[in-house]
Each structure stands twice: as structure tokens, then as C-alpha cells.
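Worksheet: one structure, shown below.
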Amino acid sequence: MKLFDSELKVMEVLWEQGSKPARDIVDVLAERIGWNKNTTYTVIKKCIEKGVIEREEPGFFCHALVSKEEVAQSETEQLIDKMFGGSSELFFSSFLKNQGISEEEAERLSQMIREAK
């Protein structure tokens, strides 16, 4: 699943605050980023079409059908496929070259790698 930045903004509200009526999402995004009602409803409808939000009646109640972790996993896989030919090793190599990590982060990553084996 590929979500655009605008769709992720709607999803963030649902992930942070749980299921909400669309009008409440409108209020949150108007305050956070200045979106108007029509913009928010348009993006919510796109999310419904993609199957990541379920609309319940009465009251245009919105419920996230995917978790933040599921979207993060999908986005990460797409990035690795697109930019690194599907190679996790190349992805990590590039990340480490550009970002660097602390000794504590290196130890935690080593532990995660040992557990993943």
C-alpha cells in the first residue's frame, strides 16, 4: 500500500487518537496544518478507496484498518526495492554511511540482528 503524505496526515490522527468522526479529523487537521474541510474530506475519501479507513454510519465515523507499523513496513519495503534493488544490506550500508550511530544504538542493532537470525 502506498500512502501519500496527505493521507498519512489523516492516518496519524486516527493512529494517535483512535476512531473519530470525520468532522473531528477536520478540526484536528485545521488546527495542525491549516487544512480546510473540503481538503480533509477529500483525503479521507481517498483513504477509504484505498481500504485503509473504514467509514461507519451514523456520523461518518472513521476507523483505521491498518496500523502505523503495517504502513511503515510497507513503505520501508518499497523504499528498499526501489532505491536499493531489494537489498537490505545496501540500505543499511547507505543509512550508516550517511547517518552514523552511537555505540548504544550499535549494540541495540546487534542484538536485533542476533534475535532475527
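The values are calculated or read from the model by the stated rules, or taken from the named source; none is laboratory data. Quick caveat: nothing in here was measured; it's all calculated off a predicted structure. All Cβ positions, glycine included, derive from the backbone under ideal geometry; neighbour counts span all protein chains shown. The accessibility values were calculated without ligands, DNA or RNA, using every heavy atom of the protein model including side chains. Shrake-Rupley method; radii C 1.70, N 1.55, O 1.52, S 1.80 Å.
When the accessible area of region 59-103 is split by element with a 1.4 Å probe, what percent falls to carbon and sulfur?
56 percent
State the Cα centre-to-centre distance between region 66-114 and region 32-46 in whole Å.
Value for the Cα centre distance between the two parts: 31 Å.
Using only Cα atoms and rounding to the nearest 10 degrees, what angle (0 to 90) does helix 88-99 make with the longest principal axis of the chain?
Orientation of helix 88-99: about 90 degrees from the principal axis.
Kirkwood hydrodynamic radius of region 5-106 from all distinct Cα pairs, in Å?
When all Cα pairs of region 5-106 are included, the Kirkwood radius is 15.6 Å.
So what is the accessible area of the chain per residue, in Å², with the probe set to 1.4 Å?
Using a 1.4 Å probe on heavy atoms only, each residue of the chain averages 69 Å².
For the residue pair ASP5 and GLN111, what label-to-label distance in nm results when each label sits 7 Å from Cα along the Cα-to-beta-carbon direction?
Each label point lies 7 Å from its Cα, and together they span 3.5 nm.
Each residue of region 3-10 in turn: what ³J(HN,Hα) in whole Hz from Karplus with 6.51, -1.76, 1.60 and θ = phi - 60°, glycine and Pro shown as x?
10, 6, 3, 5, 5, 5, 5, 5
Sort region 67-111 into rounded, prolate or oblate with this rule: let a ≥ b ≥ c be the square roots of the eigenvalues of the Cα gyration tensor; rounded if a/c is under 1.5, and if a/c is not under 1.5, prolate when a/b is larger than b/c, oblate otherwise.
oblate
Can you compute 3J(HN,Hα) from phi for each residue in region 103-117, using the Karplus curve 6.51 cos²θ - 1.76 cosθ + 1.60 with θ = phi - 60°, rounded to whole Hz and x for Gly and Pro?
Result, ordered by residue: 4, 5, 5, 4, 5, 5, 5, 4, 5, 4, 5, 4, 5, 6, 5 Hz.
Once both axes come from the Cα atoms, what is the angle between helix 37-50 and the longest principal axis of the chain, in degrees from 0 to 90, rounded to 10?
Approximately 60 degrees, to the nearest ten.
How large is the charge dipole for the chain, taken about the Cα centre, if only the Cβ atoms of Lys, Arg (+1) and Asp, Glu (-1) carry charge, to the nearest 20 debye?
400 debye
Please compute the contact order of the chain in relative form: average sequence separation of alpha-carbon pairs under 8 Å and at least six residues apart, divided by the residue count, as a percent.
Contact order relative to length: 22 percent.
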